[in-house]
Ligand SMILES: *Cc1c(COP(=O)(O)O)cnc(C)c1O
C-alpha cells in the first residue's frame, strides 16, 4: 500500500502505540464508547488518506474480551453489531446473556482447541484464527450438524516468533488448497498478530508480509476460497496495519479501556508475565 518512492524513499513515521499499553482510560458510559469509536474511526480514516485508500474498505471490529455484560450492552447502544472475543467460552457466555439482542454477532479471534469447535459452530458468525486441518474438520462436522456456515480467516504467523499461533507463511498455500473439502467454512482472508514491539518498522514488516502473501496466493487459490480480507492491527498498531492494507482491524483497549489481564493470558510470547498456555499449541 505505502509506496516508498512517493515520499522520496522515506517510510512514513507512523509510530506504534504499544507504549500506551495498559494506560487507556476506562469507558464507563455510552458517550465514552461513542467518543472512542469515533476517535478510532477518525484515525483509520487518516491512515487511509495517507495510503490513498477508501475508509469504507476498513471494518473496525471492537474487541470486548474481559469486559462485563454491562459494557457489552453499552457497546450495543453505541452502535456495535459485531464484537470480537479471544476465548470461546467467554464469548459463548456473553452470547447467551445477550439473547435479547439477536442482531449482535460474535467473531472468535483467538486460538481454538478442537474440543471447543462445537461451541463456535453454534453461535459464532466469524472465526479468525483457523490454523489447522484438525480444527477445520471439527468445525465442518459441527457446522453441518447445526445447519450453519462460518466465515473464516486463516491465521498466519508473520513475526516468526515460535510461540505465536498461526501457520508459517510457507505452509499457507497448501493449507488453502485443502479447505474446499470443508464447504461450511467460507474462507474470507488472512489474519495475523504482528510482533508486539515499539519498533514500528519491524511491526510494519509483519503487515507487509501478510499483504504480499495474500497478493501472491490470490492468483492461485482454488475456486471458492476468498482472500480479499486482511485482518491485522490492534490498539497499538492499527494505523500501520491500515497503511499496509488491513481490511479488518481488531481494537479492544482503545475503545473499552485498558485490560487488567496481561496479554500473555491471550497469546503466548507477548512479553508480559508467565502464562500457562505458553508453547502449548493445542494442549
Ligand atoms: C485482544 C486482541 C486484540 C485487541 O487488542 P487490543 O490491545 O485490546 O486492541 C486483537 N487481536 C486479538 C487476537 C486479540 O486477542
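The values are calculated or read from the model by the stated rules, or taken from the named source; none is laboratory data. Bear in mind that the values here come from a model prediction, so they are computed numbers and not experimental data. Heads up, the Cβs are rebuilt from the backbone with ideal geometry, glycines too, and the neighbour counts pull from every protein chain shown.
Worth pointing out:
- Listed by first and then second residue, the pairs linking a residue in region 232-246 that is farther than 10 Å from residue 193 by Cβ to a residue that is near the ligand (Cβ under 9 Å from one of its atoms) and in a helix (DSSP H, G or I), with Cβ atoms under 6 Å apart and 6 or more places separating them unless they lie on different chains, are 235/253; 235/254; 236/18.
- Pairs, first over 20 Å from residue 255 (Cβ atoms) in region 36-57, second in a helix (DSSP H, G or I), C-beta under 7 Å, six or more apart: 50/243; 51/242; 51/243; 54/48
- Count of region 67-103 residues which are out of contact with any strand residue (DSSP E or B) (no Cβ under 7 Å at 6 or more places or on another chain), buried (at least 19 other Cβ atoms within 10 Å of the Cβ) and outside any helix (DSSP H, G or I): 3
- Reported count of residues in region 47-66, each being more than 13 Å from the ligand (Cβ to nearest atom), surrounded by 15 or more Cβ atoms within 10 Å (Cβ to Cβ) and either modelled with pLDDT under 95 or part of a loop (DSSP other than H, G, I, E, B) (or both), is 2.
- Test result for residue 113, in contact (Cβ under 8 Å) with a residue 24 or more places away in the chain, out of contact with any strand residue (DSSP E or B) (no Cβ under 9 Å at 6 or more places or on another chain) and closer than 30 Å to residue 203 by Cβ: yes
- In this structure, residue 249 qualifies as part of a strand (DSSP E or B) and either near the ligand (Cβ under 10 Å from one of its atoms) or buried (at least 22 other Cβ atoms within 10 Å of the Cβ) (or both).
- Apart from one condition, residue 166 fits all of (1) within 24 Å of residue 251 (Cβ to Cβ); (2) in contact with a helix residue (DSSP H, G or I) (Cβ under 7 Å, 6 or more places away or on another chain); the exception is (2).
- Every residue from region 75-95 that is away from the ligand (no atom under 15 Å from the Cβ) and in contact (Cβ under 8 Å) with a residue 24 or more places away in the chain: 76, 77, 78, 79, 81, 92, 95
- Scanning region 27-46 for residues that are within 16 Å of the ligand (Cβ to nearest atom) and either in a helix (DSSP H, G or I) or at pLDDT below 95 (or both) yields 32, 33, 36, 37, 39, 40, 41, 43, 44.
- Among residues of region 113-124 being within 16 Å of the ligand (Cβ to nearest atom) and under 18 Å from residue 266 (Cα atoms), the one that is surrounded by the most Cβ atoms within 10 Å (Cβ to Cβ) is 120.
- Residue match in region 228-244 (condition: closer than 18 Å to residue 166 by Cα and either more than 12 Å from the ligand (Cβ to nearest atom) or at pLDDT below 95 (or both)): yes
- Beta carbons closer than 6 Å, at least 6 apart along the sequence or on distinct chains, pair a first residue in region 125-149 that is within 16 Å of the ligand (Cβ to nearest atom) with a second that is part of a helix (DSSP H, G or I) for 127/120; 135/114.
- Every test in (1) outside any helix (DSSP H, G or I); (2) farther than 16 Å from residue 61 by Cβ; (3) in contact with a helix residue (DSSP H, G or I) (Cβ under 7 Å, 6 or more places away or on another chain); (4) at pLDDT 95 or above is passed by residue 197 save one, and that test is (4).
- Within region 183-215, the set of residues being buried (at least 18 other Cβ atoms within 10 Å of the Cβ) and touching a strand residue (DSSP E or B) at 6+ places or on another chain (Cβ under 7 Å) comprises 184, 185, 187, 188, 189, 190, 191, 192, 210, 211, 213, 214.
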